[in-house]
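As structure tokens, the structure follows; a few thoughts come after it.
The values are calculated or read from the model by the stated rules, or taken from the named source; none is laboratory data. Quick caveat: nothing in here was measured; it's all calculated off a predicted structure. Backbone-built Cβ (ideal geometry, glycine too); neighbour counts: all protein chains shown.
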Amino acid sequence: MPKKRRNNGRNKNHKGHSDPIHCDNCERLCPKDKAIKRFLIKNMVDGSSKRDIEDMSVYKDENDNYQMPKLYIKNQYCVSCGIHARIVRVRSTVNRRIRYVSRYRKDQKGEMSKGLYRVANQKYPEKVIVKEEE
Ligand SMILES: [Zn+2]
């Protein structure tokens with residue numbers, strides 16, 4: 001029988017077993033290597049509130065740049081929730097071969113803000129993304 005994915009949708013190479021985790025949305029048990037994981041960094045307050053706080057802040061010295069603390073959240077979803085929430089999408093056989101690497105890098109700051117990811121096995125990521133939209 002043909003295989004849909006080379007890794008069977010998992011990252012369990014020759015491990016045999018991986019610990020189950022609970023989905024953040026529906027609490028379903030899902031193997032850790034199969035779960036859809038997204039690391040979320042967001043500001044605790046929105047832009048206008050942040051400006052108000054900064055205006056009233058004691059640490060207003062221009063020399064020491066006080067940084068507001070951020071929320072660092074790791075989200076883990078089961079496959080059903082990942083697809084339902086459109087974090088991942090069903091892809092065609094050809095597009096399924098494209099690997100996205102979501103590692104954050106400084107030189108790709110602009111690219112990440114557009115919602116694009118670095119593509120691991122493609123030379124020109126822009127062309128690939130255009131192809132996906134068609
Ligand atoms: Zn779920």
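If the condition is being surrounded by 10 or more Cβ atoms within 10 Å (Cβ to Cβ) and over 15 Å from Cys81 (Cβ atoms), then region 9-19 contributes Arg10, Asn11, Lys12, Lys15, Ser18. Before we move on, is Arg86 away from the ligand (no atom under 16 Å from the Cβ) and of a type in the set (D, E, K, R)? Spelling it out, it is not the case that Arg86 is away from the ligand (no atom under 16 Å from the Cβ) and of a type in the set (D, E, K, R). Within region 38-55, is there a residue that is out of contact with any Cys (no Cβ under 7 Å at 6 or more places or on another chain), within 15 Å of the ligand (Cβ to nearest atom) and under 30 Å from Asn95 (Cα atoms)? Yes, there is a match, as at least one residue in region 38-55 is out of contact with any Cys (no Cβ under 7 Å at 6 or more places or on another chain), within 15 Å of the ligand (Cβ to nearest atom) and under 30 Å from Asn95 (Cα atoms).
The rows are residues; the columns are (1) touching a Leu at 6+ places or on another chain (Cβ under 6 Å); (2) modelled with pLDDT under 80; (3) farther than 22 Å from Lys42 by Cβ; (4) not in a helix (DSSP H, G or I).
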| residue | (1), (2), (3), (4) |
| --- | --- |
| Gln67 | no, yes, no, yes |
| Leu71 | no, no, no, yes |
| Ser80 | no, no, yes, no |
| Ile83 | no, no, yes, no |
| Arg103 | no, yes, no, yes |
| Gly115 | no, yes, no, yes |
| Lys123 | no, yes, yes, yes |
